[in-house]
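Just below is one structure, and these are the notes that go with it.
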Amino acid sequence: PIVFGRVPLSRAGAPAPHAPARQKYFFGLPGNPISTMVTFELFARPLIEALAGAMPRKLAFVYSKLKSAIKTKTGLKRFLPAIISGEFEQSDVELVRWQGSGDVSAAARANCFVVVPPDRERIEAGEWVPVLLR
């Protein structure tokens, strides 16, 4: 049986079918590199760690001040490659220049992903945003 199928994320998360079969688990990760990285961190790594006997841990989300405004489409949660600098309340984050979820060089430059909620079309510079650390 498939435990879950498509996940309502931007391309960085679709498709992500997951199914146990004869004591083996299967994850169908997307083909684009950034999409694969995000989907793996959100869904595959926690299962692999649990199966290996590791204590469950929360994903490494922090809040950081956005350096430049973001404009995107609504409807899907988006994970945009970015660079975070500073510490704690003094941190700021800026998107890396990228050409979409197949842009490997952008993924290599990024040390985090800015999380854009599905209901936000624009986030202004100076706003605090959720960030998934890598």
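Per-structure values
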| item | result |
| --- | --- |
| Chain lengthening between ALA69 and ASP119 when straightened (0.36 nm per residue, less Cα-Cα) | 16.4 nm |
| Relative contact order [Cα under 8 Å, 6+ residues apart], region 61-133, whole percent | 49 |
| Sites ARG97 and LEU133, calculated FRET efficiency, Cβ-Cβ separation with R0 25 Å, nearest 0.05 | 0.80 |
| Whole-angstrom gap from region 94-114 to region 38-68, using each part's C-alpha centre | 18 |
| Residue list for region 106-134, given a label point 7 angstrom along the Cα-to-Cβ vector of SER85 and an amide N cut-off under 15 Å | 109-112 |
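Only the coordinates and a few stated rules stand behind these numbers; no lab work does. Predicted model only: the values in this text are computed from it and were never measured. Cβ sites come from the backbone with ideal geometry, for glycine too, and all protein chains shown count toward neighbours.
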